[in-house]
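Undergrad: The structure under discussion is supplied below as structure tokens; questions concerning it will follow.
The values are calculated or read from the model by the stated rules, or taken from the named source; none is laboratory data. These figures come from a predicted structure and were not determined experimentally. Cβ placement follows ideal geometry from the backbone for every residue including glycine, while neighbour counts extend to all protein chains displayed.
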Amino acid sequence: MKQHNDQQLASLKAQARSLYQAFLTLESEDEVRQFLLDLCTPSELEAIVDRWWTASLLEQGRSYREISEITGVSVTTIGRVARFLNMGEGGYRLALRRERT
């Protein structure tokens, strides 16, 4: 990650909040897709999709080896997703739970 001075950090936090609010304005799956395609490079979006897919498979109780074979994601990335799934902010679990309903 880049190094920021205090003023840049404050501005970055404000812009992060603005981004979160931008997601809340989107009204359909297609609008979210359009936004993500504009916001992310193809590689960034693939990495996000890989992490989401991995979280879903972990939630199903799949082993790291199975997940790696299914997705092509490295065991290191799977471990990172598992760590955030279990000890992160709760966002993965919240979204996975809401997606099921």
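Undergrad: Give the range 63-74 a look and list any residue that's of a type outside the set (S, T, N, Q) and closer than 14 Å to Ala47 by Cα, or say none.
TA: Gly72, Val73
Undergrad: Okay, next question. Taking the stated definitions as given, is Ser56 in the same structural domain as Ala95 (by TED's automatic domain parsing), more than 14 Å from the chain's Cα centre (by Cα) and of a type in the set (Ser, Thr, Tyr)?
TA: No: the conditions fail for Ser56.
Undergrad: On to the next question. Residue under question is Leu24, and the condition is that it be in contact with a helix residue (DSSP H, G or I) (Cβ under 7 Å, 6 or more places away or on another chain) and at negative phi; does it hold?
TA: No, not satisfied.
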